[in-house]
1. Return the loop-located GluC sites (Glu not before Pro) in the range 592-641 (DSSP other than H, G, I, E, B) with at most 14 other Cβ atoms within 10 Å of their own Cβ; answer none if there are none.
2. Which distance in nm do the two modelled labels at residue 415 and residue 570 give, with both placed 7 Å along the Cα-to-Cβ direction?
3. For residue 209, which lysines qualify as cross-link partners when the Cα separation must be under 21 Å and same-chain residues fewer than eight apart are set aside?
4. What GluC sites (Glu not before Pro) in the range 465-527 are in a loop by DSSP, with at most 11 other Cβ atoms within 10 Å of the Cβ?
5. Relative contact order for the range 243-339 using alpha-carbon pairs under 8 Å, separation at least 6, rounded to a whole percent?
6. Please list, short to long, the whole-number percent of alpha-carbon pairs of the range 9-56 in consecutive 10 angstrom bins beginning at zero.
7. With the full set of protein chains in place, find how many percent of the accessible area of the chain is carbon and sulfur; take the probe as 1.4 Å.
8. If each of residue 315 and residue 398 carries a label point 7 Å out from its Cα toward its Cβ, how far apart are those two points in nm?
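The values are calculated or read from the model by the stated rules, or taken from the named source; none is laboratory data. Remember, predicted model here, so these are calculated numbers, not experimental data. Here the Cβ positions follow ideal geometry from the backbone for every residue, glycine too, while neighbour counts run over all protein chains shown. Only protein heavy atoms, including side chains, enter the accessible area calculation; ligands, DNA and RNA are left aside. Shrake-Rupley method; radii C 1.70, N 1.55, O 1.52, S 1.80 Å.
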Amino acid sequence: PSVPRHTNRLINEKSPYLLQHAHNPVDWYPWGQEAFDKAKRENKLIFLSVGYSTCHWCHVMEEESFKNKEIGEIMNKNFVCIKVDREERPDVDKVYMTFVQATSGGGGWPMSVWLTPDLKPFVGGTYFPPEDGVHRVGFRTVLLRIAEQWKENKDALLENSQKILETLQHISEICVRGQESPPPSKEVMATCFQQLSNSYDEDYGGFSKSPKFPTPVNLNFLFTYWALHRTTPEGARALQMALHTLKMMAHGGIHDHIGQGFHRYSTDQHWHVPHFEKMLYDQGQLAATYSRAFQISGDEFFADVTQDILLYVLRDLSDQAGGFYSAEDADSYPTAASQEKREGAFCVWAAEEIWALLPDPVEGATEGTTLGDVFMHHYGVKETGNVSPMKDPHQELKGKNVLIVQCSPELTAARFGLEPGRLGALLREGRRRLSTARAQRPRPHLDTKMLAAWNGLMISGFAQAGAALAQHEYVSRAAQAAAFLRRHLFHPASGRLLRSCYRGKDSTVEQSAVPIQGFLEDYVFVIQALFDLYEASLEQGWLEWALQLQHMQDKLFWDPKGFAYFSSEAGDPSLLLRLKGDQHGAEPTANSITVTNLLRAASYSGHMEWVEKAGQILAAFSERLQKIPITLPEMARATAVFHHTLKQVVICGDPQGEDTKEMLRCVHSVFSPNKVLMLADGDSSGFLYRQLPFLASLERKDGKATAYVCSNFVCSLPVTSPQELCGMLCP
């Protein structure tokens, strides 16, 4: 490789995204004191650019503008330029995204914001083309105009930025007004269901026309709504909406039929043409959601999709030390000789490639049928490509096919005169050969940073799937990842989590020079993961760590005045706002998940102050939950868990005993959204017995494994039959 012409400070960073920009002619700084001091000293504006390593439009803006020498010179002369990886610093990202959304009505990445030397934003946007076009001002022009403004109207600009900040503080404040109590769960659930039902796509599933996102939070809400209204028409519709959406997604092009796992989102209504990046947080949430769908329906189809997602993560996103990587890029080189990356190149197919790979005649099918014919019919492959030009503005997918299942196995079999039972094996063979061929293509960039929050979501995915599918190796993988977090992203002396670590040279795990401290979402998703892992493995150590982290979360992030948790810690002067996320993005908001975490924590510890905190969070978000719960479906779901009180399912028995295992299998096979599971193994010196004195009074009946279903530490009569226990868990 040629020696790069330029190298800037980002070369010393660990983030794959920052390293991608280390050879731009722009004099980039990472977010930090050195850059802030320079801006103040030289009285210069700051240009802040925020993105992430698998962001398609971030790559485009880099190619067009940040690699352009002239534009680089304009930037260096007039601004202090700062690059931020939003996955490393979600706190910085959210402050300025709040500004961009409030002032432009939209948001997204790359985010481009101009700040005064004291970090107050005054102009912002997302992607800018390099030069002026018919409809858009070019980046070069914007840079020159803003530099001119700073020279001519500095005082007005500073005054304006102060007003903007005050407005942002006002609109982003979430707190309890007066004596508010948690909103009524019944009404919140009904409104949220109605709002989802009105936005539901009857034909293809999902909750918008296009683009379409997987939104596991919506599906989990619908599962809980169904569980509480099983016998009503609304309950039946909630379940049908969730299962149909999951089926259509799994059949669609958003699902990678050859390489497993799910892409980020679909650009069209049919789940067909995706944005091809694959994110860890999607795999974690979807694995949990598909395993719930299997628990509820008993349909093996959902179990197969769960296993498909986990196979992808085990193979492609797993670090040998036990952690999970963040993402795979959408763009890659079509061939080893290509000069230019293309979106989706790794995943799409020309018809002739498939014919060449699958030429074998199929015995017992209509005369002249090849394996290629059967495969291409089933996966919607067309000779001229199956991507509409409308969905391919840059013509990167011209003549290519994104595989999508458009007809049932029975129809495909009938079309070629095949026995329906034979089709599965033929398609499997086709997928195997395409997979082997695809392995020869250059792989997309892998973002190997490991984030506590996203690892938490993935641990939950493995733990819940392991329990629901009775696959012990998934539970072991979850435990391996939790041990990784404890080793690399936790500081035992201070009891605090760290945000990120990185794959270094020789596959070692590295930390940045100044480690980034964990944010609220890191605590919340890791605590959730540890509760899920305890329920799947019944190892009490995970429970003990979860409760320690919950105490630390309270200390660092709780707002004692307005209630609920701030997303970031106090005391960072470079953060202008301490926010509380108020709508779900690709991940659920931390305050939503934490409501259920607090209720679980109270059930395992008897620490009732946590139940009170859960109610205070719901009260702080009360107005939003009553008016537009569709923006917070996970918190709406939590209002029901709060209202119905968690059932403590206690199994008294020997963990190794067959009778205990049978009881546990029954608990894991049932979807019950408001239960916590615990094993009372008789060891009175153990962690749980020390936390919950009432366990000592529960005993095995006739020496057999015995279950008690308790509410507020008051228990039902003992049950020794798994069937009877199942009946008690399914109202």
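1. Passing both the DSSP loop test and the Cβ count: no residue.
2. Going by the 7 Å Cα→Cβ label model, 6.4 nm.
3. Within the straight-line limit of under 21 Å, residue 209 reaches these lysines: 247, 391.
4. none
5. 25
6. Histogramming the range 9-56 at 10 Å steps yields 24, 52, 22, 2 percent.
7. 51
8. The modelled label-to-label distance comes out at 3.2 nm.
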